[in-house]
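Encoded as C-alpha cells, the structure appears first; notes follow it.
The values are calculated or read from the model by the stated rules, or taken from the named source; none is laboratory data. Here the structure is a predicted model, which is why all the values come from computation and not from measurement. Cβ placement follows ideal geometry from the backbone for every residue including glycine, while neighbour counts extend to all protein chains displayed.
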Amino acid sequence: MVSEACADRYLPETVQQPVKILVVGALGVGKTTLVGSVSEIRPLRTEETMTEAGAGVDRLAGLPDKNTTTVAMDFGRVTLNDRVVLYLFGAPGQRRFWNMWEGLAEGAVGVLVLVDTRRLEDSFEVLDQLELRADTPFAVAVNHFPDTHPHGEEELRRALDLLPTTPVVDCDARDRTSSLDALIALVEHATEDLAAREAAS
Amino acid sequence: MSSPGEYHDSPLRPYVITRGRSRPTRNTLRVDTLLLADPDRPLPASAGRQERALHRMCVRLLSLAEAAVHLELPVSVVTILASDLVDSGHLQARSGIPAAARPDRELLLEVLHGLRSLR
C-alpha cells in the first residue's frame, strides 16, 4: 500500500501542533487555487453528505426523501517548522454550508475571505456572518482575474461595509508569494486582534 | 457491490461502517487532529475492515482529514472510527486548538514566522 508516491504523504513525527486557516468564498473565486499555490501536498478533496440541517451521517439512513447534498472541501498542508503544521481548508461561503465551516472555524487562526470584485454581492452573506461571530479574526483578499477592473481600497471597503480594522489585501491566488502574503496579513491581524482583546480584558 | 478500487458512496454506507452511530465517543477530534498508530498494540480480532485500514494508514503521523481522503471515507465517519481507536489506546491523537479557544500569541508568532520564511 505504501508506494513511493506516498513517501511525502506523512508528517515528520516531531510535529505536535496542528493549526488551521479557513479560506472561504463563492464558487469559482479561487479558493482551491490559493490552497494549491501554498500547499506542500497536492490539494486533497473530502466530500461529505449533508442534510439541510447539518453535516455528517446524522439521521441519513432510511430517509431517502431527506434533502441531502454533497459538499466538497479542498484542503492543503504547510509544515511550518519541526513542531507546527498548518492546514488550509477551502470551504464554500453560501449560507447553507455555514454549519460545516462554522465548525471548521472553531479554534482556527482565522478566516481568509476570498473575493471576486466582479461578484462582490456573493461575499456579503459570509462577511455578515463573520462580523456576527466576532470571535474569529478574518481578512479579505481580493483575487485578481484578467478582466477585473481595479477598485480602490476605500471603494471596496464601502461596498463590502467592512470594519476599519479588517485588513484588505490584493492577491493573485495562482502565485505562491502573493497567496502567502495574504495569509501573512491574516495572521498579523489575528495577532493584533488577540493583543487588543487581552488589553481590553 | 463495488469492486476493489471503486468508490461508491451512499448515505447508507457510512451508517453501516459506524455500526449505526452518527456521533463520535469524544468531541476532541477535529479535521486537523494528528493521528499516529501504536505499532505495539495490534487491533483485536473484532476490529472492522475500515478500522484496520485507518490503523494501518496512521503507521506514521497524518491528520484525520488526510486519512479520510486516502481511505475514501467521509471525515465524519473517520472521526467516529478514530475516536474508538483513541479510546482503546490504539491511536494517539495530537489535537489542534480546542473549539472554545484560540491559538495563543506564542503560537500565532510561530505561524507568522513560518509563513514568512516560506516567501
Just one of (1) closer than 25 Å to A:G103 by Cα; (2) more than 10 Å from every other protein chain (Cβ to nearest Cβ) trips up B:D40, so point out which. (1)
Can you name the residue in the stretch B:45-64 that is part of a helix (DSSP H, G or I) and crowded, with 24+ Cβ neighbours inside 10 Å and is also nearest to the other protein chains (Cβ to nearest Cβ) among such residues? B:L64
Among the residues listed as A:V142, A:V84, the single one being within 14 Å of chain B (Cβ to nearest Cβ) and surrounded by 18 or more Cβ atoms within 10 Å (Cβ to Cβ): A:V84
Regarding A:A91, is this residue closer than 16 Å to A:V187 by Cα, buried (at least 24 other Cβ atoms within 10 Å of the Cβ) and either of a type in the set (A, V, I, L, M, F, W, C) or at pLDDT 85 or above (or both)? no
Reported set for the stretch B:18-37 where residues are more than 9 Å from every other protein chain (Cβ to nearest Cβ), more than 27 Å from A:T79 (Cα to Cα) and either modelled with pLDDT under 75 or in contact with a Cys (Cβ under 7 Å, 6 or more places away or on another chain) (or both) is B:R19, B:T25
Name the single residue, out of those in the stretch B:86-108 being in a helix (DSSP H, G or I) and over 15 Å from A:I21 (Cβ atoms), that is farthest from the other protein chains (Cβ to nearest Cβ). B:D87
Pairing a residue in the stretch A:104-117 that is more than 9 Å from chain B (Cβ to nearest Cβ) with any residue that is crowded, with 24+ Cβ neighbours inside 10 Å and among the charged types (D, E, K, R), where Cβ atoms lie under 6 Å and the two sit 6 or more apart in sequence or on different chains, gives A:L114/A:K31
Identify the residue in the stretch A:148-189 that is farther than 22 Å from A:G36 by Cα and of a type in the set (D, E, K, R) and, among all such residues, is nearest to the other protein chains (Cβ to nearest Cβ). A:E153
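For A:T165, state whether it is surrounded by 18 or more Cβ atoms within 10 Å (Cβ to Cβ), of a type in the set (S, T, Y) and without any contact (Cβ under 8 Å) to a residue 40 or more places away in the chain.
no
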Just the residues that are of a type outside the set (K, R) and more than 12 Å from B:P24 (Cβ to Cβ), please, taken from the stretch B:79-94. B:S88, B:G89, B:H90, B:L91, B:Q92
So B:P74 ticks every box in (1) within 9 Å of chain A (Cβ to nearest Cβ); (2) more than 11 Å from the chain's Cα centre (by Cα) but one. Which box is left unticked? (2)
